[in-house]
1. Taking the Cα centre of the chain as origin, work out the dipole magnitude from +1 charges on Lys and Arg Cβ and -1 charges on Asp and Glu Cβ, in debye rounded to 20.
2. Express in Å², to the nearest 10, the accessible area of I8 obtained by rolling a 1.4 Å probe over the protein heavy atoms while all chains stay in place.
3. I'd like the carbon and sulfur percentage of the solvent accessible area for the chain, probe radius 1.4 Å, heavy atoms only, ligands and nucleic acids excluded.
4. Modelled label-to-label distance, R69 and K2, 7 Å Cα→beta-carbon offset: nm?
5. If you count only protein heavy atoms with a 1.4 Å probe, what accessible area per residue comes out for the chain, rounded to a whole Å²?
6. Only one of the listed values, [x] 70; [y] 80; [z] 125, was derived from the coordinates as volume of the Cα convex hull per residue in Å³; which label is it?
7. Arrange the residues V13, V29 by how much accessible surface each exposes, largest first, with a 1.4 angstrom probe.
8. Output the 0 to 90 degree angle, nearest 10, between the alpha-carbon long axis of helix 16-32 and the longest principal axis computed from the alpha carbons of the chain.
Amino acid sequence: MKDFLKDILNIDVDQPSTKKGIALLGAGVALAVGHPELLTATVTDAGVSYGGLIGTAVPVVLGVWETLRNEFK
């Protein structure tokens, strides 16, 4: 996905502003479809603070993936 965004759409996902923008877009979509409890995002000087069901589940899923994957296989 990162390569798709970088190569096709010319979006650099490593920039903090891009990460904040994607988080806010996701929160806006969740609000627009009537489920603001799914994803919330708060932008502060310290960075982006995620909340809601998706904002909680994604770090857990990524942690499990990083724990279980075999990087050198």
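The values are calculated or read from the model by the stated rules, or taken from the named source; none is laboratory data. These numbers come from a predicted model, not from an experiment. Note: ideal-geometry Cβ built from the backbone for every residue, glycine included; neighbour counts use all protein chains shown. Ligands, DNA and RNA are stripped out before the accessible areas are found, and what is left, the full protein with its side chains, is counted by its heavy atoms. Shrake-Rupley method; radii C 1.70, N 1.55, O 1.52, S 1.80 Å.
1. Here the size comes out at about 100 debye.
2. Counting only protein heavy atoms, the figure is 120 Å².
3. 65
4. The answer from the label model is 0.8 nm.
5. Ligands and nucleic acids excluded, the result is 80 Å² per residue.
6. The value matching this structure is [z].
7. Putting V13, V29 in descending order of accessible area: V29, V13.
8. Approximately 50 degrees, to the nearest 10.
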